[in-house]
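Taking it in order: structure first as structure tokens, then the write-up.
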Amino acid sequence: MPFFFFFPGSPQLRSAKSNWLTPSPISNNTHPCNPAQPNNTDTMADDNISIYDEIEIEDMTFDEDMQIYHYPCPCGDKFQIALADLRDDEDIAVCPSCSLMIRVIFDKDDLPKDPEDDPEPALEEASAQIPVAA
């Protein structure tokens, strides 16, 4: 690195000092402290995940005992998503054995009815009782 010697008060010294003391501008606008930079924290988290495929719910198998939908995964295991998660508007099924995920395409109205929300079994039990005279 070359060494320069400037005499005090010389124009070369003033020019060199002004260059040393002037901060260089940020070359791009991606600095996190830049107020002009748009805030992308309000985007959905789903935008940042990698989806292996999109599968319609009709192509999945429903396990009534476990209340879980299954779909075969290329790793040999199965993608899984719970019925309760689908009712809560979750649409990402995961494979427990690998990192793959699929998006489940479904209509919330077509999901199996929740037995707790179905008042019909209680009505059937009441109508099945036969009054007995003593």
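The values are calculated or read from the model by the stated rules, or taken from the named source; none is laboratory data. Just so it is clear, the structure is predicted and the values come from calculations on it, not from any experiment. Reconstructed Cβ throughout: ideal geometry from the backbone, glycine too, with neighbour counts over all protein chains shown.
When you look at ILE51, is it in contact (Cβ under 8 Å) with a residue 12 or more places away in the chain, in contact with a Lys or Arg (Cβ under 8 Å, 6 or more places away or on another chain) and β-branched (Val, Ile, Thr), yes or no? Yes, satisfied. LEU111 fulfils the conditions (1) more than 14 Å from ILE57 (Cα to Cα); (2) surrounded by 10 or more Cβ atoms within 10 Å (Cβ to Cβ); (3) at pLDDT below 90 except for a single criterion, (1). Screening the candidates ASP77, ASP89, ASP85, ASP107 for the property of being in contact with a Lys or Arg (Cβ under 9 Å, 6 or more places away or on another chain) and of a type in the set (D, E, K, R) yields one hit, ASP89.
Give the residues of region 62-100 that are part of a strand (DSSP E or B) and among the acidic types (Asp, Glu), sorted by residue number. Once the filter is applied, which keeps residues that are part of a strand (DSSP E or B) and among the acidic types (Asp, Glu), region 62-100 yields only ASP63.
All conditions but one from (1) part of a helix (DSSP H, G or I); (2) without any contact (Cβ under 8 Å) to a residue 12 or more places away in the chain; (3) under 16 Å from the mean Cα position of the chain (by Cα) apply to GLU58; the one that does not is (3).
Between LEU83, LEU100, the distinction of being touching a Pro at 6+ places or on another chain (Cβ under 8 Å), at pLDDT 90 or above and more than 15 Å from GLU56 (Cα to Cα) belongs to LEU100 only.
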